[in-house]
Each structure stands twice: as structure tokens, then as C-alpha cells.
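**Q** Sharing a structure with you now.
Every number here is computed from the coordinates shown, using simple stated rules; none is lab data. Note that the structure is a prediction, hence the values are computed from the model and not measured. With ideal geometry, Cβ positions are generated from the backbone for all residues, glycine too; neighbour counts draw on all protein chains shown.
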Amino acid sequence: MNKATLDQMWDQFRQKYGVYLRVLEAIPADRYATHPVPGMRTPAELAVHISGTVVRDMAEGVAKGRITAEESSEDKVAAELGSKAALMAFARECFERADAAVKRIGDAELAAMVPTPWNASWPGYVCFFIQGDEFVHHRGQLYAFARACGAEPPFLWSYAENAPEYRPAAAEAAAGA
């Protein structure tokens with residue numbers, strides 16, 4: 001993978017992240033600290049894991065040459081954020097940080113081996129494939145959580161309904177014309 005390919009993949013990921021934010025919005029505020037599926041993370045804990053560890057920490061880790069995620073503190077971070085509004089702000093900030101990191105990544109970072117806290121080292125480009133797998137897996141959990149909480153999640157590929165910064169670039173250009 002080279003930088004041009006990463007940029008194309010990241011553009012698609014940006015659109016998926018917009019749908020993810022809409023799934024988070026769909027979950028009722030009073031259900032964020034509950035266990036809609038027994039034995040699994042709460043929606044708040046899952047949002048912290050996805051936004052923080054999977055998105056922000058992995059992208060920043062490739063950019064700096066080492067992933068340093070702190071998964072053991074995710075439940076504490078979720079509790080400290082406390083409200084749906086704070087979790088939504090956290091999710092947006094994590095994407096902004098990941099996006100800034102991706103802009104700094106070049107071919108050298110994509111080819112370099114990146115140590116992780118999971119007792120493995122991967123080439124930088126592999127980290128983005130793993131990130132994509134993790135993101136889709138956990139976003140699917142949130143879809144189940146939303147339904148378990150009585151909410152209807154957004155259509156999986158409804159990118160054009162995202163906030164403007166997460167919409168397809170071609171759709172935005174056509175809308176502005």
C-alpha cells in the first residue's frame with residue numbers, strides 16, 4: 001500500500017465513521033451506561049473503545065511508529081465522560097486526531113514495522129486493514145445495541161445523510177454546484 005491508496009481508503013473510512021456517529025446518536029442517552037446485551041461492554045464503553053483505541057490510537061500509532069492504546073482504562077474514560085453529548089464530542093475529537101495523523105503518514109510509515117500493545121508488530125499498512133476489521137465488527141455491535149435499546153440505526157451505506165464533513169466528496173461537490 002502507498003500513500004495514495006491510504007488516502008482513498010481513509011476517505012471511505014471517513015464516510016463509514018459518519019454513519020457510526022449516527023448510530024451513536026440513535027442510542028437513547030439513558031441507555032449509554034447500561035448493558036443492552038448481557039456480558040458485553042456498555043454502549044459508552046464500546047464508543048470509547050472504537051473511537052479511542054481502534055480509530056485514534058491506531059492511526060496516531062502508525063504516524064509515530066508505535067501504537068500505545070490503553071484498553072484497560074476504557075471503562076474509566078467512559079464513566080468520566082458521563083453523558084451522551086460528551087461521548088459524541090469525544091468520538092468527533094478522536095476522528096479529528098486520527099485524520100490529522102493519517103495526513104502525516106507517508107510511504108515510509110506504511111512500510112515500517114509498528115509495535116503494538118497486543119504483543120505483535122505489523123507493517124503500518126496492515127494496521128489500517130486491522131483497524132477496518134475492528135471498526136466494522138464493533139460498529140455492528142452498536143447496531144445490535146441500538147435495536148436492543150428500541151432505536152432504529154441508520155442504513156449502513158447512507159453516507160449522503162452524514163454530517164457534511166463525513167459525506168462523500170462527490171456528493172458534496174454536486175450539492176454545492
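**Q** If you average 1/r over every pair of different alpha-carbon atoms in region 98-163 and take one over that average, what Kirkwood value in Å do you get? Don't skip to the end; give the middle numbers.
**A** Numbers: mean 1/r = 0.0692 Å⁻¹.
After inverting the pairwise mean of 1/r, the radius is 14.5 Å.
**Q** With a 10 Å Cβ neighbour count serving as the proxy for reagent exposure, in which order, fewest first, do 66, 139, 167 appear?
**A** Lowest to highest Cβ neighbour count: 66, 167, 139.
**Q** When the Karplus curve 6.51 cos²θ - 1.76 cosθ + 1.60 is applied with θ = phi - 60°, which whole-Hz ³J(HN,Hα) does each residue of region 17-22 get, with x for Gly and Pro?
**A** 5, x, 5, 4, 4, 5
**Q** Could you tell me which label, among [x] 26, 22, 13; [y] 36, 21, 16; [z] 32, 18, 13, carries the value of semi-axes √(5λ) of the Cα gyration tensor in Å calculated for this structure?
**A** [x]
**Q** How compact is region 56-99 by the rule of thumb for globular proteins, expressed as Cα Rg over 2.2 N^0.38 Å?
**A** Working: Rg = 11.5 Å, N = 44, 2.2 N^0.38 = 9.3 Å.
Expressed relative to 2.2 N^0.38 Å, the Cα Rg reads 1.24.
**Q** Counting Lys and Arg as +1 and Asp and Glu as -1, what is the net charge of the other residues whose Cβ lies under 15 Å from the Cβ of residue 48? Before the final figure, lay out each step's value.
**A** On the way: positive: 41, 56, 76, 84, 92, 97, 139; negative: 45, 57, 70, 71, 74, 75, 80, 93, 134.
Net charge in that neighbourhood comes out at -2.
**Q** Test of understanding: ordering 7, 57 by Cβ neighbours within 10 Å, fewest first, what list do you get?
**A** Final ranking by Cβ density, sparse to dense: 7, 57.
**Q** Moving on to the next point. Please report 20, 159 as a ranked list, fewest other C-beta atoms within 10 angstrom at the top and most at the bottom.
**A** On the way: 20 27, 159 18.
The most exposed by this proxy come first: 159, 20.
**Q** Enumerate the lysines that residue 84 could reach by cross-link, defined here as Cα to Cα under 23 Å, with residues fewer than 8 away along the same chain left out.
**A** 16, 76
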